[in-house]
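The values are calculated or read from the model by the stated rules, or taken from the named source; none is laboratory data. Predicted, not measured: the structure shown is a model, and the values here were computed from it. Here Cβ is always computed from backbone atoms with ideal geometry, including for glycine, and neighbour counts include all displayed protein chains. Protein only, heavy atoms only, side chains kept; ligands, DNA and RNA dropped before computing areas. Shrake-Rupley method; radii C 1.70, N 1.55, O 1.52, S 1.80 Å.
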Amino acid sequence: MPVDLQRVLDAVLDGVLVVDREGRVEHVNAEACRILETSPEAIGGEPIEGVLGPDHAMAKLARAALSSGRTALASDQAVERRHEVKLVVDVAASATFDERGTPDGVVLALRDRTIQHSLQRVVTERERLAAFGRIAAGIAHEVKNPLGGIRGAAELLELRATDSQTRESARLIVREVDRIATLVDDLMVFARGEKLQLAPVNLHRLLDDVLDLLAHDPLSASARVERHFDPSLPELLADPDRLVQVFLNLARNALQALEAKGGTLLIRTRVSVDHRLLTEDGARVPEVLVEFEDTGPGIPADVLENVSTPFFTTRARGTGLGLALSKHWVARHGGVLRVESVPGKGTTVRVSLPLRRTE
Ligand SMILES: Nc1ncnc2c1ncn2[C@@H]1O[C@H](COP(=O)(O)OP(=O)(O)O)[C@@H](O)[C@H]1O
Ligand SMILES: [Mg+2]
């Protein structure tokens, strides 16, 4: 191949993979190598099925274009990564033809859409939460008002009761009303969309406080808690009370996951300058990552889809608001909360916050 063609291909921003009439990789440009985590030496001459596996849409598209001579397209194809979250790629396969008009190869164009894809997910999620907030507000107001009346009446009943059974029933009403009131208060948080009280925050001190608080909780008995804090982490501008709420929820979830069999909760912090978060005022800022990684039982895929939905819980006494609220507050900071899990291995909840400098 002439050097110039390789230079041209490498300058193309999309990934380009040229396949011959046997379906073997002939040329591959730099972007395709990045997407596929490979090199021209590793896949040159290899059948296209060998690159991503025979069942991958990319190989099937190439074969379809080769046999039909038509262009084949597939959007949002997942490409697994060795160490990172998988990429989302749009693929177009167009045939090339010999002088008799028979397909003699395929050009695959790969466009990495991972960033747009995750931004779209964030936007959809925010809209979903906003819609939920409006419904929650309506319900919360309707429920909150009569609760006071019920509680007052039950207390009166308790005072006037002449037998212990009635008194105990009245106490039960008061207790349960208080439980509903707590739930309604949690709900109102979505509804009010309260303003953040931003202040300079030393994240490590804040995390230490959260963990000290939990150290006295019987929940912590069977778990080992480790901290891997990045010492270069600067102070950031955030709402400390909200962050305490978020991290308490995440740590508590992890400890609950470890309760039965024990294990480790690892809390890791780091600054990432590669990935920049877009803040509400349109500025691009580096992100601070706070990860809660536990070695608990993990979350099956069908459950994982729902864990951040308000009221979704698999626990008998759970409210299902922990992750939904945490996600809400992280989003209000302009950040993103992601849950990843490998069933049988554990769960990682990754909070990324924009590094708004305090000065
Ligand atoms: N670290 C974790 N390990 C395993 N499952 C988890 C973890 N964190 C959350 N979950 C799952 O997500 C669900 C929702 O969590 P959450 O919103 O905090 O509500 P709750 O804790 O009240 O159930 C939990 O019921 C549980 O099934
Ligand atoms: Mg919880």
Are there any pairs with C-beta distances below 6 angstrom linking a residue in the range 300-329 that is assigned by TED's automatic domain parsing to the domain that holds Glu340 and of a type in the set (Val, Ile, Thr) to a residue that is at pLDDT 90 or above and within 12 Å of ligand 2 (Cβ to nearest atom), with the two at least 6 apart or on different chains, and if so which? Val307/Leu323; Val307/Val339
For the range 339-359, give me each residue that is open to solvent by 40 Å² or more (accessible area, probe 1.4 Å) and within 14 Å of Asn253 (Cα to Cα). Glu340, Arg350
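Taking only the range 204-255 into account, find how many residues are among the polar types (S, T, N, Q), part of a helix (DSSP H, G or I) and more than 22 Å from the chain's Cα centre (by Cα).
Within the range 204-255, the first condition is being among the polar types (S, T, N, Q), and the residues that meet it are 220, 222, 232, 245, 249, 253.
Adding the requirement that they be part of a helix (DSSP H, G or I) leaves 220, 222, 245, 249, 253.
Within this subset, residues satisfying the condition of being more than 22 Å from the chain's Cα centre (by Cα) are 220, 222.
Total meeting the criteria: 2.
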Contact list please: Cβ distance under 6 Å, first residue in the range 166-186 and hydrophobic (A, V, I, L, M, F, W, C), second residue open to solvent by less than 60 Å² (accessible area, probe 1.4 Å) and assigned to a helix (DSSP H, G or I), pairs at least six apart or on different chains. Ala170/Ala154; Ala170/Glu158; Ile173/Ala154; Val174/Ala154; Val177/Leu147; Ala181/Leu147; Val184/Ala140; Val184/Val143
Of all the residues that make up the range 306-325, how many are open to solvent by less than 30 Å² (accessible area, probe 1.4 Å) and either β-branched (Val, Ile, Thr) or closer than 13 Å to Asp239 by Cα (or both)? 1
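Among the residues of the range 17-76 satisfying the criterion of being among the β-branched types (Val, Ile, Thr) and open to solvent by 20 Å² or more (accessible area, probe 1.4 Å), which is modelled with the lowest pLDDT? Step through it out loud before you land on a result.
The initial filter retains those residues of the range 17-76 that are among the β-branched types (Val, Ile, Thr), namely 18-19, 25, 28, 35, 38, 43, 48, 51, 71.
With the extra rule that they be open to solvent by 20 Å² or more (accessible area, probe 1.4 Å), the set shrinks to 18, 38, 51, 71.
Numbers: Val18: 95, Thr38: 92, Val51: 86, Thr71: 93.
Selected residue: Val51.
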In the list Ala161, Ala223, Ala136, Ala131, which residue meets the criterion of being surrounded by 13 or more Cβ atoms within 10 Å (Cβ to Cβ), hydrophobic (A, V, I, L, M, F, W, C) and at pLDDT below 85? Ala136
